[in-house]
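Q: There's a structure below that I have some questions on.
The values are calculated or read from the model by the stated rules, or taken from the named source; none is laboratory data. Owing to the predicted nature of the structure, the values given are computational and were not obtained by experimental measurement. FYI the Cβ positions are ideal-geometry reconstructions off the backbone, even for glycines, and counts take in every protein chain you see. Areas reflect the complete protein model, heavy atoms only, side chains present, ligands, DNA and RNA absent. Shrake-Rupley method; radii C 1.70, N 1.55, O 1.52, S 1.80 Å.
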Amino acid sequence: MPRPANAPPVPPHPLLIPEADEVVWAGRFPVQRVRFRFRKRDGTPSAPLTWELMRRGQGTVILPWDPVTDRIALIEQFRLPALAAGEEPMMTELPAGLVETGEDPDATARRELAEETGLHTDRMIPIGAFMLMQGASDERVHFYLAQVALQDEDGTLGGLDTEGEETAVVVVTAADAFAMVAGNRIRNAPAALALLWLQVNHARLRAEWTE
């Protein structure tokens, strides 16, 4: 089976002692079976390990915030893995998506914001880049805060029909969004992380973005 372009061998590193690296599933998100050892702190090799590695690549998460009205646009969409985990499948999230080959994460963020909410932004700043499942996947996600003008978007439907998506916009105040995180009513880590970041930086950014 030819090796998919999005499942290259794990790159060399002084801590890695590779033994085997094979693609065992070549679907949309390839899976590699990697046999290896790593160098422990005393320099000796670890016991042999075999890990399955899902290659999801890079993604984006966008927090749409109107600093004038101090409101946030969340989305709701059906998530099969949430149902499999015993969670409510209609998850409250933030717009997000995978970075296409050759695409800049900034461009991905703007595209996903428009596709999933119908919103556009003239000001967007990076929050940071984070691993979501460092024990199982190479997915690294770029988080952004986007300034938007929120009017009557609540209930707006978005998503691409070609991808079987349907997203519904839910507009809440920043205070309500922060309370949702505090009350564990935001049940996915990317949205919670982004909202916690905004809560920490809220007063400073609102003063800067509304002056």
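Q: Could you go through region 198-207 and let me know if any residue there is modelled with pLDDT of 95 or more, closer than 18 Å to residue 60 by Cβ and not in a helix (DSSP H, G or I).
A: Of all residues in region 198-207, those modelled with pLDDT of 95 or more come to 198-207.
Applying the additional criterion that residues be closer than 18 Å to residue 60 by Cβ yields 198.
Cutting the leftovers down to not in a helix (DSSP H, G or I) gives us none.
Checking region 198-207: not a single residue is modelled with pLDDT of 95 or more, closer than 18 Å to residue 60 by Cβ and not in a helix (DSSP H, G or I).
Q: Still on this structure, please answer the following. If we keep just the residues of region 139-180 that are part of a helix (DSSP H, G or I) and open to solvent by less than 50 Å² (accessible area, probe 1.4 Å), which is nearest to residue 74 (Cα to Cα)? Don't jump to the end; show me each part of the working.
A: Within region 139-180, the first condition is being part of a helix (DSSP H, G or I), and the residues that meet it are 161-163, 174-180.
Filter once more, so that each one left must be open to solvent by less than 50 Å² (accessible area, probe 1.4 Å): 174, 177-180.
On the way: 174: 11, 177: 9, 178: 12, 179: 14, 180: 11 Å.
By that ranking, first place goes to 177.
Q: Next question, about the same structure. So residue 124 ticks every box in (1) more than 13 Å from the chain's Cα centre (by Cα); (2) surrounded by 11 or more Cβ atoms within 10 Å (Cβ to Cβ); (3) assigned to a loop (DSSP other than H, G, I, E, B) but one. Which box is left unticked?
A: Checking residue 124 against (1) more than 13 Å from the chain's Cα centre (by Cα); (2) surrounded by 11 or more Cβ atoms within 10 Å (Cβ to Cβ); (3) assigned to a loop (DSSP other than H, G, I, E, B), the one that fails is (3).
Q: Here's a check for you: in region 1-49, which residue that is polar (S, T, N, Q) and closer than 30 Å to residue 104 by Cβ is surrounded by the most Cβ atoms within 10 Å (Cβ to Cβ)? Don't jump to the end; show me each part of the working.
A: Kept after step one, since they are polar (S, T, N, Q), are these residues of region 1-49: 6, 32, 44, 46.
Then drop every residue that is not closer than 30 Å to residue 104 by Cβ, which leaves 6, 32.
Numbers: 6: 14, 32: 22.
Across region 1-49, the extreme among qualifying residues is 32.
Q: Next up: Cβ-Cβ under 8 Å, sequence separation 6+ or interchain: first residue in region 80-91 and over 13 Å from residue 185 (Cβ atoms), partner part of a loop (DSSP other than H, G, I, E, B) and open to solvent by 80 Å² or more (accessible area, probe 1.4 Å). Which pairs?
A: If the second residue must be part of a loop (DSSP other than H, G, I, E, B) and open to solvent by 80 Å² or more (accessible area, probe 1.4 Å), the pairs left are 82/88; 82/187; 89/79.
Q: Sticking with this structure for a sec: Quick one: residue 109 ticks every box in (1) out of contact with any Asp or Glu (no Cβ under 8 Å at 6 or more places or on another chain); (2) open to solvent by 40 Å² or more (accessible area, probe 1.4 Å); (3) closer than 19 Å to residue 73 by Cα; (4) modelled with pLDDT of 95 or more except a single one, so which number is it?
A: Here residue 109 meets the rest and fails (2).
Q: Pick from 71, 123, 39: which is in contact with a strand residue (DSSP E or B) (Cβ under 9 Å, 6 or more places away or on another chain) and more than 22 Å from residue 210 (Cβ to Cβ)? Please lay out each step first, then the result.
A: Details: 71 fails: more than 22 Å from residue 210 (Cβ to Cβ); 123 fails: more than 22 Å from residue 210 (Cβ to Cβ).
Answer to the check: 39.
Q: Is region 50-60 home to any residue that is farther than 29 Å from residue 106 by Cβ, free of Cβ contacts under 8 Å to residues at least 60 places away in the same chain and either open to solvent by less than 60 Å² (accessible area, probe 1.4 Å) or aliphatic (A, V, I, L, M) (or both)?
A: No, every residue in region 50-60 fails to be farther than 29 Å from residue 106 by Cβ, free of Cβ contacts under 8 Å to residues at least 60 places away in the same chain and either open to solvent by less than 60 Å² (accessible area, probe 1.4 Å) or aliphatic (A, V, I, L, M) (or both).
Q: I need every pair where a residue in region 149-166 that is farther than 18 Å from residue 69 by Cα has its Cβ under 7 Å from the Cβ of a residue that is hydrophobic (A, V, I, L, M, F, W, C) and open to solvent by 100 Å² or more (accessible area, probe 1.4 Å), sequence separation at least 6 or different chains.
A: Final answer for the pair search is 166/157.
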